[in-house]
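Novice: This is the structure I want to talk about, given as structure tokens.
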Amino acid sequence: MRRILNPRMAIWLLMAVTLAVYANHFHNSFHFDDYHTISDNPHIRSPRNIPRFFTDSSTFSVLPTHQVYRPIVTTSLALDYRLGGGLNPAAFHVSTFFWFLVQLLVLYVLYKRLFDGSEWAAVLATAVYGLHPVCAETVNYVIQRGDLYSTLGVAASLALYIRKPSWRRFGLYLIPYVLACLSKPPALVYPLLLFLYVRLYEEPDARRALKATLPSLAATAALALLLGRMTAATFNSGGGPRVAYWITQTWVTGKYFLTFFWPAGLSADYDIALFTGFPPKAAAGFLFIAALLAVIILTARRPATRTIGYGLAWFLITLLPTALTPLAEAANDHRMYFAFVGLVPAVLEAGRLLVARMGAPLRRAAIAAVCLALVASAAATWRRNEVWRSEESLWLDVTRKSPHNGRGWMNYGLTRMSKGDYRGALDCFARAQIYTPAYYLLEINTAIAHGALRHNAQAEAHFRRALLLGPNKPAPHCYYGRWLLGAGRHTEAVAQLEKAYSINPSDLTCLHVLMQAYFEQQNWSALRPLAARALELDASDATARGYLAKLASLEQELNSQSAAPQTPEGNLDLSLRYYRAGRFEECVAAARQALHLRKNYSAAYNNIAACNNALGKWDEGIAAAREAVRLEPASQLARNNLAWAISQKEKTRK
């Protein structure tokens, strides 16, 4: 076999096999966090925004609580959007997969050093990693390319350090590491990985090994400071109590380790709850960590077993960032992506030492077992790609693998609702309510389903509960406002939509609904700047352009009718049109013409008051409103304008 196929041919054959295994994933849809970072994110829709990605973390997501600093990721998304001609999932998947193949080539180079130059061992390790179904969780989940980029950057930096000693004095090997950190913060553990490599493979003296690591430590300090300062103040990791989270992570780490050998239970969203107290699982987790540390110490001491120690240390070190920072989910499959880079050579090296002690028949059986394991891994990866095909297939799998996951049931319910099965959706939402009884998004979706079934009382009750659970979240206000607008309750709708807009002015969904509300109210003066804001976020926004075109048409019609009508009513109507168009001076002129034709015209005085209020001319507004109230004491509009002008004048005095 070796005569027919050399290692370099084998690694390229592996690239082709990997492409074949992932051939069914290129048309998979966006999922989960892809929506607020890609589908709904207006900032990625123009490459002109790329410089801003490096100075403003709000461009990463439309959700303030998720605005982290990952400019390399956001830049890649903008480029994919441009190259794919829009939100074409295939373009994003091709881009991710290309860098996945590049990472496998980098790992081949790295593994060859860890296996003391054995190219065949490096090919096998690369194959085990590249075909493992855990990688499918990251490759399929577009926004989690951050894990791929950061892993690639760390591996490339270490490979350059090994293969290009002449670059060390200039620090050039750190370039991929910097890019890795600008993709995702877990890459910051690189100095630890580098120190252990130097200590175990190049420089036994700890002080000299530490000295070799100093440039990476300096870069890490600067990068950590940058990442901390650039992350939005609104960011919230969503984690629970720290101690409970840390204790839970000991067991989760053991689960990750076992998943390498038996990945049958992979789930896009686990139902693992934080431990309360110190249950038996926590004790098992601590024992596992202690045993793993003992194995690392014992194996790292000897050159013959140092790859086992280094690989296991890599596994633990790369899990530290997500284990120490409380996150919303206790476990996620894509967190194993970085960790398995080290676990693969550790397991294979341990297996090699074990097989070396076997007789020839057992060795042949071991080789056959490895081949079967690779085939099984490839088949499992293909199946995971199928699970990620659509929102429906993904969340159905979650409800089966993680049946106590309320969010999983809710998202599966959304797929039922998208097909018009509102009763089926409500059944799923009821299941979700058992496990997440205080989830504002669940209340919103339940309300929407009831609204579609014309259960208006239930819909409003759930919307109001969503407001109680998430008063400072934009979504409850936005979707309640949309429902109120559909019910014809425009004043209430605008109040809710304006609240949502004030919380998150970058949410185009909310902007579009608010524009609709202003248009239906004929509030042109408020609609125009809102449409301009939408175009500022996305220059190609068709909804904003449509409303501006309608406003231009109305403006043209208004100009064509600007000759002074001969009746007070006609002038009053013209005055109102000018007001809605934001042309307040002309509004006042038309209202005065109405007064010229009809003295003591209360409505004309009220229009003058409203225009002066809009212009901040409080004294003139007060005088006109008082005259309107004097002439028509029952006019609530005039009374409101008078009260507003007086209150604003008092504020200016203060």
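Coordinate-derived values only; no laboratory data. The model shown is predicted, which means the values in this text are computed figures rather than measured ones. Neighbour counts run over all protein chains shown; Cβ positions are idealised from the backbone, glycine included.
Novice: Assign unit charges at the C-beta atoms only (+1 for Lys and Arg, -1 for Asp and Glu), then state the dipole size of the chain relative to its Cα centre in Debye, rounded to the nearest 20.
Specialist: 1840 debye
Novice: Percent relative contact order of the chain, based on C-alpha pairs within less than 8 angstrom and at least six residues apart?
Specialist: Working: 926 pairs, mean separation 68.3, N = 654.
This gives 10 percent for the chain.
Novice: Moving to a separate point now. Hey, fewest Cβ within 10 Å first, where do VAL252, VAL73 land in order? Working shown, then result.
Specialist: On the way: VAL252 23, VAL73 26.
Going from sparsest to densest Cβ surroundings: VAL252, VAL73.
Novice: For a label point 7 Å from the Cα of SER39 along Cα→C-beta, name the residues of region 407-428 whose backbone N is under 20 Å from it.
Specialist: Under 20 Å, as judged by backbone N against the label point of SER39, lie 407-426, 428 of region 407-428.
Novice: Which stretch or stretches of region 23-60 have amide N atoms under 19 Å from the point lying 7 Å from GLU536's Cα along the Cα→Cβ direction?
Specialist: Only 41-60 pass the distance filter.
Novice: Here's a follow-up. Would you list ASP541, ASP56 from fewest to most Cβ contacts within 10 Å? Spell out each step's value before the answer.
Specialist: Numbers: ASP541 21, ASP56 17.
The most exposed by this proxy come first: ASP56, ASP541.
Novice: Of ALA610, ALA589, LEU574, which is farthest on the positive side of the dipole of region 561-653, counting Cα position, with +1 on Lys and Arg Cβ, -1 on Asp and Glu Cβ, and the Cα centre as origin?
Specialist: ALA610
Novice: Next question, about the same structure. Want the number for ALA206 to ASP573: 0.36 nm per residue separation, take away the alpha-carbon distance, what's left? It would help to have the intermediate numbers written out before the result.
Specialist: Values: separation 367, 0.36 × 367 = 132.12 nm, distance 8.58 nm.
Extending this stretch completely gives an extra 123.5 nm.
Novice: Using Cα-Cα distances under 8 Å and only pairs 6 or more residues apart, what relative contact order does region 7-387 have, in percent? Working shown, then result.
Specialist: On the way: 532 pairs, mean separation 76.6, N = 381.
With pairs under 8 Å counted, the relative contact order is 20 percent.
Novice: Another question, if that's okay. Quick one: order ASP507, ASP538, ASP205 by neighbouring beta-carbon count within 10 Å, fewest to most.
Specialist: On the way: ASP507 23, ASP538 19, ASP205 10.
Least crowded to most crowded, the residues run ASP205, ASP538, ASP507.
Novice: How many angstrom separate the Cα center of region 585-654 from the Cα center of region 141-184?
Specialist: Region 585-654 and region 141-184 have Cα centres spaced 66 Å from each other.
Novice: Now a separate question. Distance from a point 7 Å along Cα→Cβ of LEU87 to each backbone N in region 480-507: keep the residues under 17 Å and list them by number.
Specialist: It comes to 506-507, nothing else.
Novice: Return the distance in nm (one decimal) between the two label points of a simple spin-label model at LYS651 and GLN458, each offset 7 Å from Cα along Cα→Cβ.
Specialist: So the two model labels end up 4.2 nm from each other.
Novice: Another question, if that's okay. Which pairs break 28 Å Cα to Cα here: LYS499/LYS617; LYS473/LYS617; LYS184/LYS281; LYS499/LYS649; LYS112/LYS184?
Specialist: Numbers: LYS499/LYS617 26 Å; LYS473/LYS617 35 Å; LYS184/LYS281 30 Å; LYS499/LYS649 24 Å; LYS112/LYS184 26 Å.
From the list (LYS499/LYS617; LYS473/LYS617; LYS184/LYS281; LYS499/LYS649; LYS112/LYS184), the Cα-Cα distance tops 28 Å for LYS473/LYS617; LYS184/LYS281.
Novice: Projecting each Cα onto the charge dipole of the chain (Lys/Arg +1, Asp/Glu -1 at the beta carbon, about the Cα centre), which of TYR422, SER553, SER95 comes out farthest on the positive side?
Specialist: Checked the options; the winner is SER95.
Novice: Here's a follow-up. Under a plain spin-label model, where a point goes 7 Å from the Cα along Cα-to-Cβ, how far apart in nm are ALA549 and HIS27?
Specialist: About 3.1 nm, to one decimal.
Novice: Which whole-number percentage describes the relative contact order of region 561-653, with Cα contacts under 8 Å and a sequence gap of 6 or more?
Specialist: This gives 21 percent for region 561-653.
Novice: Next question, about the same structure. Between region 213-263 and region 521-545, how far is it from one alpha carbon centroid to the other, in angstrom?
Specialist: 40 Å
Novice: Something else now. Tell me the mean residue ellipticity at 222 nm calculated for the chain from its helices only (DSSP H runs of n ≥ 4, each -39500 (n - 2.57), averaged over every residue, nearest 500). Let's see the in-between values first.
Specialist: Values: 30 runs with 457 residues, N = 654.
Counting only the DSSP helices, I get -23000 deg cm²/dmol.
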